1. Enumerate the helices (runs of 4 or more DSSP H) found wholly within the stretch 54-96, keeping only those where 3 or more residues are within 10 Å of Pro39 (Cα to Cα) and not charged (D, E, K, R).
2. Show the residue pairs that are 6+ apart or on different chains and have beta-carbon atoms under 9 Å apart, the first residue being within the stretch 69-88 and on the phi > 0 side of the Ramachandran plot and modelled with pLDDT of 95 or more, the second being buried (at least 17 other Cβ atoms within 10 Å of the Cβ) and of a type in the set (Val, Ile, Thr).
3. Being under 19 Å from Pro63 (Cα atoms) and either in contact with a strand residue (DSSP E or B) (Cβ under 6 Å, 6 or more places away or on another chain) or exposed (fewer than 12 other Cβ atoms within 10 Å of the Cβ) (or both) is the filter here, so list the residues in the stretch 1-35 that pass it.
4. Pairs under 6 Å by beta carbon, first residue within 19 Å of Trp72 (Cβ to Cβ) and part of a loop (DSSP other than H, G, I, E, B) in the stretch 27-46, partner of a type in the set (Gly, Ala, Ser) and at pLDDT 90 or above, six or more apart or different chains?
5. Kindly indicate the residue of the stretch 36-58 that is of a type in the set (Gly, Ala, Ser) and loosely packed, with under 10 Cβ neighbours inside 10 Å and also nearest to Met23 (Cα to Cα) among those meeting that condition.
Amino acid sequence: MRRAGFAPYGPSRAATDSLSHIMAADLAGTRVTVNLIAPGGATATGMIPDGVGEDIRAGLLDPAIMGPPIRWLASADSDGITDCRVVATDFANGIRPTAH
């Protein structure tokens, strides 16, 4: 989030991170959960500058990596999980957030 050339994206992501923690605290004790999901690296989206070489593009994550953790967060399997940062690459490796 603090990388040269990533304004306004980086600061906006930092803001959503902070907002998710505040919302989770404000909604504690309700049935509403708040989590942040991130891919775990740069994804092959329209945000990659044109000048990025093929060697770097080859290492970009497929945006589909977000699907499984999104489905998990929408399922009963994630009940009780709140105020967590869910990283899709970790999720793909079997790492799941746990309730606080």
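1. Fully inside the stretch 54-96 and qualifying: 88-92.
2. Listed by first residue and then by second, the contacts come to Asp83/Thr33; Asp83/Val34.
3. Result: Asn35, single match.
4. Here the result reads Val34/Ser20; Val34/Ala24; Pro39/Ala88; Gly40/Ala88, each pair linking the stretch 27-46 to a residue that is of a type in the set (Gly, Ala, Ser) and at pLDDT 90 or above.
5. So in the stretch 36-58, the residues of a type in the set (Gly, Ala, Ser) come out as 38, 40-42, 44, 46, 51, 53, 58.
Of the ones still in play, those that are also loosely packed, with under 10 Cβ neighbours inside 10 Å are 46, 51, 53, 58.
Working: Gly46: 29, Gly51: 38, Gly53: 39, Ala58: 37 Å.
Among those residues, the one meeting the criterion is Gly46.
The values are calculated or read from the model by the stated rules, or taken from the named source; none is laboratory data. Values in this document were obtained by computation on a predicted structure and should not be read as measured data. Please note: Cβ atoms are built from the backbone with ideal geometry, for glycine as well, and neighbour counts cover all protein chains shown.
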